[in-house]
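Okay, so here's the structure we're looking at.
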Amino acid sequence: MGLDLAIKNGTIVDGSGAPRFRADIGIQDGQIVEIGRIRSGAKQVIDAEGRVVSPGFIDGHTHMDAQVAWDPLGSCSCWHGVTSVIMGNCGFALAPCQPDQREWIARCLEAVEDIPTEAMMAGINWTWETFPEYLGNVDKLPKAINYGAFLGHSALRMYTMGERSLSETASEDDLRRMGASISEALKAGALGFSTSRASTHVTPDGSPIASRIADWTEIDYLVDVMAQHNRGIFQIGPDVSSGEAHEIFLARLKKVAVDSGRPVMFGTLSTHQGVDPYPWESQMQYLDDTVASGGRVYGQTTTKPIIALFSVKSYLPFDNLPAWRELRNLPISEQQQRFTDPDIRRALVAAEAGMKPRDNTFQGGGAATTDPKKPDYGNLFALKGVDWDDPTVEEVAQQRNQHPVEAMLDLMVENEDQLFVQPLVNETPDDVLGMLRHPRTLATFSDSGAHVCQEMGSSLQTHLLSYWVRKREMFSLEEAVRMVTFDNAS
């Protein structure tokens, strides 16, 4: 019997970390059935001469819960070699959800993840209520990549407690009902349970999301439900608002990890934001110390900075200023024309002086783009490529003998696709490298499906290959492929 597909003459990097080798791959009924020198026939043959053949990449931290409803390709992840994604991170999910809560859940996702409510309400055929029903809906949708999901704490609290979830701790009855939902979700195929303590995760009115209202005893109870089933990962968004808050968070999380025995994943990062930020080196030591105490913990990290992204086509740091607001509602071509008018330019530059001054408040990509402070032009880069060597706006302005705002205006006139990048965390390449090299971190923190106009982290995997493997030569290709395949899968 012939094969469905044969991939011939490729160089195989199999994800194990072992050295590459030349071989053919035979596929039948969607599964690899042969690796070696294939001599049997196949319905389709791909000649991979001069190409690397590897497993599809895994992205363990996405927010594609809504996008899967209208995007069968799984963009932008699929364009970067990703074939499997995990959604429902940080407690944000579309299930379980009462019918009268749908718009509220969508608005919360918009407030934190920059997924437009209008797109969700128009693009989702919202036929489910429970988490198993949501998974059943995803299973029926046309898909080019694989999807797994966490049960999100904020959605679960809203479903169980209604409006009380935004202001009250859970009662014993609330806990029993939430625990039953977790059991139901695990049996249906949930990969685990997620929550968030991050200060940047807020509702549309700026108050804490539902998961942040929960006390730690509630988290203990819900993670213990997974422990009783001996199944499921616990994923949590950390509180990094200050070094002290970060340390308190990690100490309490250690108890959850040790007591439950369940695998725990949370974001590890380096930043200059906030009050006395907790060093990334200490976070790496925390991973080792918690494992030594009997816990299983993994740091989710990026391969590049987490950024705020600005452009004339999306957000600019000046959008909230009255002098800019009316102009920014015009078509792009008209904006560019007005950017060249001397009187308008003077007014736009003058308005910048009235922006809120920078302080030590920790901002994520959402607040940094929708409620920005006066830019630090030495930390705002005019994007030219992907090699982490772009000029700052300050440098461009000095070269042109201009005010930084004028330099930005001219760059946008010259190129309507000009992007400006403000690193928020992981600003320093060597810090990122240190985290990536730690054996208990995972290269998997893209936030794909969210922040498309704010952060756009979907290139995490290809940045690892292009920058850390090809340009910096800090990892071999075999090591990098293992990082985004086997390590995340295991």
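Numbers at a glance
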read-out	value
Among (1) among the polar types (S, T, N, Q); (2) more than 30 Å from Pro19 (Cα to Cα); (3) at pLDDT 95 or above; (4) surrounded by fewer than 24 Cβ atoms within 10 Å (Cβ to Cβ), the one test that Thr127 misses	(3)
Residue list for the stretch 38-67, restricted to those being part of a loop (DSSP other than H, G, I, E, B) and either surrounded by fewer than 10 Cβ atoms within 10 Å (Cβ to Cβ) or of a type in the set (D, E, K, R) (or both)	Arg39, Glu49, Gly50, Arg51, Asp65
Leu477 buried (at least 17 other Cβ atoms within 10 Å of the Cβ), of a type in the set (A, V, I, L, M) and in contact (Cβ under 8 Å) with a residue 60 or more places away in the chain	no
Tyr315 being touching a Cys at 6+ places or on another chain (Cβ under 9 Å) and closer than 27 Å to Ala93 by Cα	yes
Residue match in the stretch 261-274 (condition: among the hydroxyl-bearing types (Ser, Thr, Tyr), free of Cβ contacts under 8 Å to residues at least 60 places away in the same chain, assigned by TED's automatic domain parsing to the domain that holds Gly192 and farther than 21 Å from Leu191 by Cα)	no
Wholly within the stretch 244-349, strands (runs of 3 or more DSSP E) carrying at least 3 residues that are surrounded by 14 or more Cβ atoms within 10 Å (Cβ to Cβ) and at pLDDT 95 or above	263-267, 296-301
The listed residue being surrounded by 16 or more Cβ atoms within 10 Å (Cβ to Cβ) and without any contact (Cβ under 8 Å) to a residue 60 or more places away in the chain, out of Ile27, Ile35, Ile86	Ile27
Test: residue in the stretch 461-484 that is within 17 Å of the chain's Cα centre (by Cα) and either assigned by TED's automatic domain parsing to the domain that holds Arg346 or assigned to a loop (DSSP other than H, G, I, E, B) (or both)	yes
Any hit, the stretch 386-405, residues being modelled with pLDDT under 95, basic (Lys, Arg) and not assigned by TED's automatic domain parsing to the domain that holds Pro238	no
Candidates Ser194, Ser211, Ser199, filtered to the one that is touching a His at 6+ places or on another chain (Cβ under 6 Å) and of a type outside the set (Val, Ile, Thr)	Ser211
Looking only at the stretch 350-369, and only at residues there that are in a helix (DSSP H, G or I) and free of Cβ contacts under 8 Å to residues at least 40 places away in the same chain, the one that is surrounded by the most Cβ atoms within 10 Å (Cβ to Cβ)	Ala351
Qualifying residue in the stretch 366-378 (condition: polar (S, T, N, Q) and touching a strand residue (DSSP E or B) at 6+ places or on another chain (Cβ under 7 Å))	yes
Residue selected from the stretch 382-398 under the condition among the hydrophobic types (A, V, I, L, M, F, W, C) and touching a helix residue (DSSP H, G or I) at 6+ places or on another chain (Cβ under 8 Å), by the criterion surrounded by the fewest Cβ atoms within 10 Å (Cβ to Cβ)	Val386
Enumeration of residues in the stretch 144-155 that are touching a strand residue (DSSP E or B) at 6+ places or on another chain (Cβ under 8 Å) and surrounded by 24 or more Cβ atoms within 10 Å (Cβ to Cβ)	Ala149, Phe150, Leu151, Gly152, His153, Ser154
Any hit, the stretch 99-108, residues being under 21 Å from Ala198 (Cβ atoms) and touching a helix residue (DSSP H, G or I) at 6+ places or on another chain (Cβ under 6 Å)	yes
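The values are calculated or read from the model by the stated rules, or taken from the named source; none is laboratory data. Please read these numbers as outputs of a predicted model, since none were measured by experiment. Using ideal geometry, Cβ is built from the backbone for each residue, glycine included, and neighbour counts are taken over all protein chains shown.
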